[in-house]
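The values are calculated or read from the model by the stated rules, or taken from the named source; none is laboratory data. Being a predicted model, the structure only gives us computed values, none of them experimental. Heads up, the Cβs are rebuilt from the backbone with ideal geometry, glycines too, and the neighbour counts pull from every protein chain shown. When the accessible area is computed, the model is the full protein with side chains, heavy atoms only, and any ligands, DNA or RNA have been set aside. Shrake-Rupley method; radii C 1.70, N 1.55, O 1.52, S 1.80 Å.
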Amino acid sequence: MSIPTPRGEREKLISSLTPELRRLLKIRAFECGMDIQDATEHAINAWYTAENPPEVDTDGAKTWGTFLPAGEPDRFKAACTERGVTYVQGLAQALTMWLDSHPSPSAPLTAQPVTRVIVANQKGGVGKTFIASGVAQALAEAGHRVLLVDYDPQGHLTAELGFEDVMYEDDVETLLMHMDGTAKGDIHDLLVALDQSRFGDRLHLLPASDDAFMRDVTLSNVSFSEAALERALEPLEADYDVIIIDGPPSLGTNMDTALYYVRRRDGELGYRSGVLTPVWANKASHRAFRLLKAQMDDLCKKGRVQVDYLGLVINAYDSRRGRLVKENKDQWEKSSSPAVLAVIGDLKEGREAADGEIPLLEYAPDSEHAQAMRDLAKELAV
């Protein structure tokens, strides 16, 4: 659940931003060691005293929201009215001025843990594996060290990348054994590398195993089971810039351990790690999202932790499927938290790559599907 950090009472400002400005804000805030809401607050405060700020192109702006100190959303809206600009234009002016006055430093000012993302939705078939794999490939192609964790007991990610045989090897320790404390060896020994040259030995997979279906039952007997995945993956974290988890198509203890793993850690900036949810433009996806959010809210409340929602991805969208499909898409895009980061069409390359057990960016590097994965990877701003 995305909630404001505890710095006094805060209220939500809902406006709109272009995807490019939203992405630049997130990257620059991280580089400057700031939360996005703090950067926005500073930007708006500077805008109040600016004379004749330049007009900013806001074509394509999407709904976006952030938290400001109590009373500030109303103050900002009043200032926009007084200046004769829309809330969207006023916010764009403030953030553009802030970006211009805060150039990118040579290195981030605040050391941060490895970025951790779970691609999660307990509804099957919405494209979790496709999104997790594609984003990981795009990040590795861009130079990041990436670990993909196949956390789905069905093992679709492992199979689609050509490693299905690994799931059934005898006398090999598994991720579950490292989670329940029965493993004796090094978890590094479980990893396999994608050897395509475009990934530069920067993309590794922790495959699924055939005991993963027993995870809920096994973890019920493990002390502080919510932290079981974190304990297992901790020895790997220093080797990677990003860890992406292909989540299970179910709720329960298995999901709780993954959600707990991507929580905001002490000293970690907001919206670096968290949950990315693929959805379809239909009512069933709206219902599934509410169930997942309810589980996240319950974990945050009972565990006294914060889990950030990084965004939604509308997958396999085809406007030709009728009015209701478009209406459901529009309803998703009205969400400010989490925001829709991408709309990906119902294209063939992803299915063909999966059937051929070839990574998408290797199979069709110039396709619209591949470019969508690169654009989505940029949204994570790692």
Roughly how big is segment 206-290's charge dipole about its Cα centre, with Cβ charges of +1 (Lys, Arg) and -1 (Asp, Glu), in debye to the nearest 20? 600 debye
Report the paramagnetic label zone for residue 294: residues of segment 272-286 whose backbone N is under 20 Å from a point 7 Å from Cα along the Cα-to-Cβ axis. 277-280, 282-286
Using only alpha carbon pairs under 8 Å that are at least six residues apart, calculate the relative contact order of the chain and give it in whole percent. 22 percent
Determine by what factor the alpha-carbon radius of gyration of segment 197-335 differs from 2.2 N^0.38 Å, reporting the quotient. 1.20
Semi-axis lengths, Å, segment 265-327, gyration tensor of Cα atoms, sqrt of 5 times eigenvalues: 30, 14, 6
Say R0 is 22 Å: what FRET efficiency, to the nearest 0.05, do residue 221 and residue 191 get from their beta-carbon distance? 0.25
Mind checking the full-extension length gain between residue 12 and residue 238? Use 0.36 nm per residue of separation minus the Cα-Cα distance, one decimal, nm. 77.8 nm
Placing each pseudo-label 7 Å from Cα in the direction of the beta carbon, residue 283 and residue 104 end up separated by a distance in nanometres of 4.6 nm
For a protection proxy built on the mean count of beta-carbon atoms within 10 angstrom, sort 336-348, 262-274 highest first, please. 262-274, 336-348
Report, in cubic angstrom per residue, the convex hull volume of the C-alpha atoms of the chain. 142 Å³
At q = 0.17, 0.20 Å⁻¹, what is the log10 ratio I(q)/I(0) for segment 113-176, with the Debye formula run over Cα points and no solvent? -0.69, -0.92
In deg cm²/dmol and to the nearest 500, what is the mean residue ellipticity at 222 nm of the chain if only DSSP H runs of at least 4 residues count, each as -39500 (n - 2.57), divided by the residue total? -12000 deg cm²/dmol
Less than 20 Å from a label point 7 Å out along the Cα-to-Cβ axis of residue 357: which backbone N atoms in segment 137-168 qualify, by residue? 137, 148-168
Quick one: which of 301/378; 123/184; 123/329; 184/301; 302/329; 26/329 span more than 29 angstrom between C-alpha atoms? 301/378; 123/184; 184/301; 302/329
Eigenvalues of the Cα gyration tensor times 5, then square-rooted: what semi-axes does that give for segment 1-124, in whole angstrom, largest first? 25, 18, 16
Show me 48-61, 246-259 ranked by packing, highest mean number of other Cβ atoms within 10 Å first. 246-259, 48-61
Per residue accessible area in Å² of the chain, where ligands, DNA and RNA are left out and the probe is 1.4 Å: 44 Å²
Hey, could you grab the Kirkwood Rh for segment 267-382? Inverse mean 1/r over distinct alpha carbon pairs, Å, one decimal. 15.8 Å
Magnitude of the charge dipole, the chain, Cβ model with Lys/Arg +1 and Asp/Glu -1, debye to 20: 1840 debye
Quick one: pull the percent of accessible area on the chain belonging to carbon and sulfur, 1.4 Å probe, ligands and nucleic acids left out. 49 percent
Cβ crowding within 10 Å averaged over residues, with 68-81, 113-126, 10-23 ranked highest first: 113-126, 10-23, 68-81
